[in-house]
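Here the structure is laid out as structure tokens; the discussion comes afterwards.
The values are calculated or read from the model by the stated rules, or taken from the named source; none is laboratory data. Keep in mind it's a predicted model, so treat the numbers as computed, not measured. Cβ placement follows ideal geometry from the backbone for every residue including glycine, while neighbour counts extend to all protein chains displayed. For the accessible areas, the whole protein counts, side chains as well, though only heavy atoms, and no ligand, DNA or RNA atoms are used. Shrake-Rupley method; radii C 1.70, N 1.55, O 1.52, S 1.80 Å.
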Amino acid sequence: MNLFQTIFTGSKQALAAAEGIVKKAVEEKGRDHKVAFPDTAYSLPVIYAATGKKITTVAELEGALDIVRSLIVEEEMLDKALNSGLATAVAAEIVEAAKYVLSDAPYSEPCVGFVSDPIIRSLGVPLVTGDIPGVAVVLGECPDAESAAKVIKDYQSKGIMTFLVGKVIDQAIEGNVKMGLDLRVVPLGYDVTSVIHVVTVAIRAALIFGGVKPGNLAEVLQYCSDRVPAFVNAFGPLSELVVSCGAGAIALGFPVITDQTVTEVPTLLLTQKDYDKVVKTSLEARKIKIKVTEIPIPVAFAAAFEGERIRKNDMFAEFGGGKTEGWELVMSAEPGEIEDHKIEVIGPDIDSITTAPGRMPLGMLIKVAGANMQKDFEPVLERRLHYFLNYIEGVMHVGQRNLTWLRIGKEAFEKGFRLKHFGEVVYAKMLDEFGSVVDKCEVTIITDPDKVVELKDKLAMPRFAERDERLSNLIDEKVDTFYTCNLCQSFAPAHICIVTPERLGLCGAVSWLDAKATLELNPTGPCQAVPKEGVVDENYGIWERVNEAVSKGSQGAVNEVTLYSILNSPMTSCGCFECITGIMPEANGVVIVNREFGAVTPLGMTFGELASMTGGGVQTPGFMGHGRSFIPSKKFMRAEGGIERIVWMPKELKDFVADKLNATAKELYDIDNFADRICDETIATDSDAVLAFLTEKEHPALNMDPIM
Ligand code: SF4
Ligand code: ZN
């Protein structure tokens with residue numbers, strides 16, 4: 001059989017499997033039964049993207065089989081082969097959707113199956129910053145667990161997001177690969193068709209971030225090919241089904257690298273039988289470049305370990321966390337005061353722990369100096385400590401400032417990890433990430449109990465107080481410069497954020513100080529200065545220079561934005577926003593929901609469904625994506641009446657903003673404990689019940705001018 005015949009055969013097998021399972025769904029559940037993947041606003045994403053139609057019932061699922069049939073045209077030509085690959089993708093999606101019809105929970109540990117919209121949105125920022133440099137799909141089975149684990153761990157150490165399909169999942173478990181979404185190794189499922197769950201991630205990226213219209217398959221494929229840095233490793237004997245899946249991957253622009261002998265297609269289909277070289281060959285084929293910083297520590301260091309938790313039983317040493325003192329401080333100093341790369345430990349090291357787990361106080365003092373260093377950058381650098389320390393395999397870091405909490409695992413200790421290695425990591429990363437402002441860096445790690453307290457009181461606390469003072473005075477009125485951020489353009493080509501002291505980037509990761517530092521670090525980079533000039537309307541937050549920056553940054557797609565309004569030319573959204581605000585007309589106010597909240601809001605929609613109303617760099621009056629910290633600001637939809645319009649938020653988000661929100665409400669409207677008047681899911685989510693609660697609490701929104 002030649003390659004064409006193999007692909008067509010595979011597609012026909014996929015079609016037969018889809019027909020079989022749909023028949024079963026019809027028999028067991030009936031044609032009217034609902035069809036849906038969990039927590040998505042994009043229905044069956046492949047079919048939705050290809051046709052613009054949402055499949056909602058088993059009858060429609062049955063009808064979608066015709067799409068598969070129409071895509072299989074057995075002529076030995078490249079475009080027909082690629083279409084056949086797409087047919088396999090559609091058939092696989094039908095099979096997987098039918099699994100969700102036949103069972104409420106078709107996937108169980110360790111497999112995840114369908115990946116929800118909020119998870120995809122949360123991947124936006126790490127992908128655009130290159131923190132996740134690529135996406136690997138590892139499918140099939142290696143000759144042994146060792147080879148499989150080696151390849152997967154290599155991807156993990158490079159920060160690649162790796163999805164596993166098939167027996168390789170068991171091999172990864174056998175090879176002690178640490179798995180989970182947080183650790184960037186995600187087992188999808190054992191059937192080949194479960195590979196569709198990563199395909200729909202790529203396709204939804206086009207719809208969510210790219211603003212591509214459903215039904216425009218050519219544009220979706222182009223988007224995936226241009227902007228989704230994914231590739232496939234197919235290991236073990238290639239069945240016809242796997243080969244036709246491979247054709248589907250290639251149609252999306254994802255190269256396939258296999259350990260089998262195949263007729264190679266340059267850059268698209270490659271053979272690599274040496275498992276030591278698979279990773280290199282794959283990254284080269286997808287043109288993914290990995291930046292490596294060699295750090296002299298005895299354990300691995302990779303962004304993929306950020307989400308690693310050290311549980312009590314695995315713990316060797318613990319610092320801070322409310323049980324002992326724990327603080328960290330980055331401070332600028334004169335170059336003469338600093339000895340570059342000096343790492344000093346004052347007090348006992350963890351060797352002194354005789355029975356694990358042991359507890360110690362910990363102070364971490366990082367002094368930096370450089371001609372371009374500014375005091376304003378100290379908190380920007382300091383906040384990165386959380387990531388640097390978490391990237392260490394076997395170390396967990398939580399919190400910041402004088403509320404840090406660290407754990408070192410037993411395994412790390414056994415491998416030789418000691419306190420000075422914290423210093424090595426911090427030193428290397430400070431110079432690596434902040435090289436244009438940091439010329440010299442010195443790290444002091446303190447465990448001596450008296451010294452920890454002494455330096456905290458003498459150095460750290462006054463510095464924190466000084467910064468808080470600076471931040472509380474940092475309001476939009478008091479600066480003459482805003483900043484743009486266009487990092488998300490690699491996914492959302494027309495989107496640009498305007499970052500002001502009070503309105504941080506909608507991802508929550510870029511504050512005004514961050515943007516200012518980013519510009520200093522990289523003058524031609526993602527953040528550019530916008531002089532706050534040419535005021536058009538201060539209440540709405542309209543400035544001519546801002547409009548020009550947005551127009552230029554969006555290549556003319558958007559020509560006017562207001563910074564403080566949700567109804568008139570609101571700021572665009574890329575898709576990775578922390579929260580979304582939408583209008584609840586009957587309450588004369590707005591509902592805010594954060595990405596982590598999974599249930600339905602009083603607007604009758606989930607976060608994912610609301611989020612799908614906006615994004616892709618277009619303006620959608622009435623919907624606004626934004627960061628958590630923007631909520632308690634005096635500028636939050638000021639044009640429509642400000643925070644008094646907030647009628648509902650999930651409890652967790654409400655608690656998160658309560659203190660600041662109450663302070664703003666007191667200052668602006670002389671309302672005490674405003675947060676208590678805002679409804680949440682523990683009180684009500686049904687519209688009538690929410691209204692009853694608001695009435696009982698005399699919520700101010702009820703008496704304001706009509707919002708629309
Ligand atoms: Fe993306 Fe805006 Fe965050 Fe920049 S500030 S990374 S453009 S969401
Ligand atoms: Zn974004």
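Checking each residue in region 451-500 for being more than 14 Å from ligand 1 (Cβ to nearest atom) and within 30 Å of N559 (Cα to Cα) picks out L474, I475, D476, E477, K478, V479, D480, T481.
Table: residues versus (1) of a type outside the set (S, T, Y); (2) within 16 Å of ligand 1 (Cβ to nearest atom); (3) surrounded by 24 or more Cβ atoms within 10 Å (Cβ to Cβ).
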| site | (1), (2), (3) |
| --- | --- |
| I132 | yes, yes, no |
| E146 | yes, no, no |
| Q156 | yes, no, yes |
| G166 | yes, no, no |
| G180 | yes, no, no |
| R184 | yes, no, yes |
| Y190 | no, no, no |
| S194 | no, no, yes |
| N216 | yes, no, no |
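Would you confirm whether or not region 503-516 contains a residue that is aliphatic (A, V, I, L, M) and more than 12 Å from ligand 1 (Cβ to nearest atom)? Yes: region 503-516 contains one or more residues that are aliphatic (A, V, I, L, M) and more than 12 Å from ligand 1 (Cβ to nearest atom). Taken together, K273, K291 contain a single residue that is at pLDDT 95 or above, out of contact with any Phe, Trp or Tyr (no Cβ under 9 Å at 6 or more places or on another chain) and basic (K, R), which is K273. Scanning region 251-280 for residues that are open to solvent by 50 Å² or more (accessible area, probe 1.4 Å) and either more than 30 Å from M396 (Cα to Cα) or not in a helix (DSSP H, G or I) (or both) turns up Q260, T261, T263, E264, V265, P266, T267, L268, K273, D274, D276, K277.
Per-residue answers, yes or no, for (1) aromatic (F, W, Y); (2) surrounded by fewer than 20 Cβ atoms within 10 Å (Cβ to Cβ); (3) more than 26 Å from the chain's Cα centre (by Cα):
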{"position": "G617", "(1), (2), (3)": "no, no, no"}
{"position": "E644", "(1), (2), (3)": "no, no, yes"}
{"position": "M649", "(1), (2), (3)": "no, no, no"}
{"position": "D659", "(1), (2), (3)": "no, yes, yes"}
{"position": "L668", "(1), (2), (3)": "no, yes, yes"}
{"position": "D676", "(1), (2), (3)": "no, yes, yes"}
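Only one of the numbered conditions (1) in contact (Cβ under 8 Å) with a residue 40 or more places away in the chain; (2) out of contact with any helix residue (DSSP H, G or I) (no Cβ under 7 Å at 6 or more places or on another chain); (3) more than 13 Å from ligand 2 (Cβ to nearest atom) is violated by L506, and that is (3). Number of residues in region 398-411 that are buried (at least 23 other Cβ atoms within 10 Å of the Cβ) and out of contact with any Phe, Trp or Tyr (no Cβ under 7 Å at 6 or more places or on another chain) equals 1. Per this entry, K634 is not counted among residues that are within 16 Å of ligand 1 (Cβ to nearest atom), surrounded by fewer than 18 Cβ atoms within 10 Å (Cβ to Cβ) and more than 24 Å from the chain's Cα centre (by Cα).
For region 492-535, filtering for residues that are on the phi > 0 side of the Ramachandran plot and touching a Phe, Trp or Tyr at 6+ places or on another chain (Cβ under 6 Å) leaves 1.
V535 meets all of the listed conditions (1) farther than 26 Å from N372 by Cβ; (2) more than 16 Å from ligand 2 (Cβ to nearest atom); (3) touching a Leu at 6+ places or on another chain (Cβ under 9 Å) but one, namely (3). Taking the conditions exactly as written (modelled with pLDDT of 90 or more, in a helix (DSSP H, G or I), not charged (D, E, K, R) and not assigned by TED's automatic domain parsing to the domain that holds A145), does L283 satisfy them or not? Yes: the conditions hold for L283. Cβ-Cβ contacts under 8 Å between residues 6 or more apart (or on different chains), taken from a first residue in region 233-258 that is outside the structural domain of G85 (by TED's automatic domain parsing) to a second residue that is assigned to a loop (DSSP other than H, G, I, E, B) and β-branched (V, I, T), are absent.
Scanning region 113-130 for residues being among the β-branched types (V, I, T) and away from ligand 1 (no atom under 16 Å from the Cβ) gives a total of 2.
Here P531 passes the criteria (1) within 16 Å of ligand 1 (Cβ to nearest atom); (2) at pLDDT 95 or above except the one numbered (1).
Among what's in region 1-29 and is among the polar types (S, T, N, Q) and open to solvent by 20 Å² or more (accessible area, probe 1.4 Å), pick the residue that is farthest from V101 (Cα to Cα). Only one residue tops the list, namely N2. Looking across region 474-503 at every residue that is open to solvent by 30 Å² or more (accessible area, probe 1.4 Å), within 14 Å of ligand 2 (Cβ to nearest atom) and not polar (S, T, N, Q), the one that is modelled with the highest pLDDT is identified as L487.
Could you say whether any residue in region 568-578 is more than 16 Å from ligand 2 (Cβ to nearest atom), polar (S, T, N, Q), buried (at least 24 other Cβ atoms within 10 Å of the Cβ) and within 19 Å of D117 (Cα to Cα)? Within region 568-578, none of the residues are more than 16 Å from ligand 2 (Cβ to nearest atom), polar (S, T, N, Q), buried (at least 24 other Cβ atoms within 10 Å of the Cβ) and within 19 Å of D117 (Cα to Cα). Total residues in region 56-94 satisfying the condition of being open to solvent by less than 40 Å² (accessible area, probe 1.4 Å), touching a helix residue (DSSP H, G or I) at 6+ places or on another chain (Cβ under 7 Å) and either β-branched (V, I, T) or outside the structural domain of D32 (by TED's automatic domain parsing) (or both): the figure is 6.
Among the residues of region 125-183 satisfying the criterion of being among the acidic types (D, E) and outside any loop (DSSP other than H, G, I, E, B), which is farthest from E578 (Cα to Cα)? Checked region 125-183; the qualifying residue farthest from E578 (Cα to Cα) is E146. Consider region 540-567 and keep the residues that are among the aliphatic types (A, V, I, L, M) and open to solvent by 40 Å² or more (accessible area, probe 1.4 Å). The one that is farthest from M637 (Cα to Cα) is A557.
Per-residue answers, yes or no, for (1) touching a residue at least 12 places away in the same chain (Cβ under 8 Å); (2) aromatic (F, W, Y); (3) part of a helix (DSSP H, G or I):
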position: D66; (1), (2), (3): no, no, yes
position: T88; (1), (2), (3): yes, no, yes
position: A91; (1), (2), (3): yes, no, yes
position: I94; (1), (2), (3): yes, no, yes
position: V101; (1), (2), (3): yes, no, yes
position: Y107; (1), (2), (3): yes, yes, no
position: P110; (1), (2), (3): yes, no, no
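Only residues that are crowded, with 22+ Cβ neighbours inside 10 Å and within 15 Å of ligand 2 (Cβ to nearest atom) were counted across region 106-122, and they come to 3.
Of the strands (runs of 3 or more DSSP E) entirely within region 509-593, those holding at least 3 residues that are in contact (Cβ under 8 Å) with a residue 40 or more places away in the chain and assigned by TED's automatic domain parsing to the domain that holds F491 occupy 527-531, 579-584.
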